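Structure, as structure tokens:
The values are calculated or read from the model by the stated rules, or taken from the named source; none is laboratory data. Nothing here was measured: the structure is a model prediction, and the numbers come from that model. Every residue, glycine as well, gets a Cβ built from its backbone with ideal geometry; the counts of neighbours run over all protein chains shown.
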Amino acid sequence: MDEPGAGSGTWVWTADVLQEVGLPARFGGQGWEAERLDRLGRFVCRRDREHPLRWAYRRETTGGPGRERLAARLATEGWELFGTWWGISPAIIILIFPLGFRLTCYYYRKAYYRSMWLAPAACAVPEPHATYTGETRFPLVLQNVHRYFFYVALLVSLINTYDAVVAFRHPTDGFVVGVGNLVLLVNVALLWCYTVSCHSCRHVMGGRLTHFSKHPVRYRLWTWVSALNTRHMLFAWVTLGTLVLTDLYVALVAAGTITDLRLVG
């Protein structure tokens, strides 16, 4: 953690400062007051030299009905987006959309159909089941929602791109480049490769076209997506790993376990 400068009027810090019980009282005595949270979840403070605060450090652990009362007392206005009925991180709710996109993905469907149900076990291998209905009956007919999950995945990729771009702007240091920025960039680039190489994206670009010659732009886009589509399996597995590594890196930096190495700025 970087301590505030002697003459600075603003200071940004992460919650790991509370690991040291004496620090809140010392910084509060210097006139620092927490004003808001930035996009990265860090506290943005301003200094009030004339009216210094005395911060109180207290850790509370509670559950059951006490949790709702404590959350209502400690949460700022608009902080609990989903209310107190959801006891786990709201990220689990958001996870439904990228998870649905992957579970209904054509490649993943082929992988777990063959490995779990042997339907079929491989090419040119007889179907072991007496009847074959494909994806025309419940629950497999729900796999057809993949095309709609694709549109949501595009929105998620746009949000990830926005996060990767704004991460280059430090609240006090301006434009910066750190290892974390490179991690976010690589992750979002691979996610775009996986998303646009999707079979649904290929169909959107060139599906239902009788004459490619009459639609040269869509034909060019279709050829680009088709080239990526040949590596859809590769992107599916690579992004599965980069997602975990990126989230782990961000979590370790946010918790103060490791420090993001600054390269520029």
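Key figures for this structure:
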{"quantity": "Region 240-262, residues that are touching a Ser or Thr at 6+ places or on another chain (Cβ under 9 Å) and surrounded by 12 or more Cβ atoms within 10 Å (Cβ to Cβ)", "calculated": "Val253, Ala254, Ala255, Gly256"}
{"quantity": "Residue within region 182-200 that is in contact with a Leu (Cβ under 9 Å, 6 or more places away or on another chain) and within 30 Å of Pro4 (Cβ to Cβ) present", "calculated": "yes"}
{"quantity": "Any helices (runs of 4 or more DSSP H) falling wholly within region 136-227 and containing at least 2 residues that are closer than 17 Å to Thr246 by Cα, in contact (Cβ under 8 Å) with a residue 12 or more places away in the chain and not hydroxyl-bearing (Ser, Thr, Tyr)", "calculated": "146-166, 179-196"}
{"quantity": "Positions within region 106-135 being touching a Pro at 6+ places or on another chain (Cβ under 9 Å), of a type in the set (D, E, K, R) and either within 26 Å of Thr230 (Cβ to Cβ) or not in a loop (DSSP other than H, G, I, E, B) (or both), in sequence order", "calculated": "Arg114"}
{"quantity": "Filtered residue count, region 127-166, keeping only those that are among the polar types (S, T, N, Q) and over 19 Å from Ala91 (Cβ atoms)", "calculated": "5"}
{"quantity": "First in region 91-108 and outside the structural domain of Ser197 (by TED's automatic domain parsing) and farther than 14 Å from Tyr194 by Cβ, second anywhere and of a type outside the set (S, T, N, Q) and not in a helix (DSSP H, G or I), Cβ under 6 Å, 6 or more apart", "calculated": "none"}
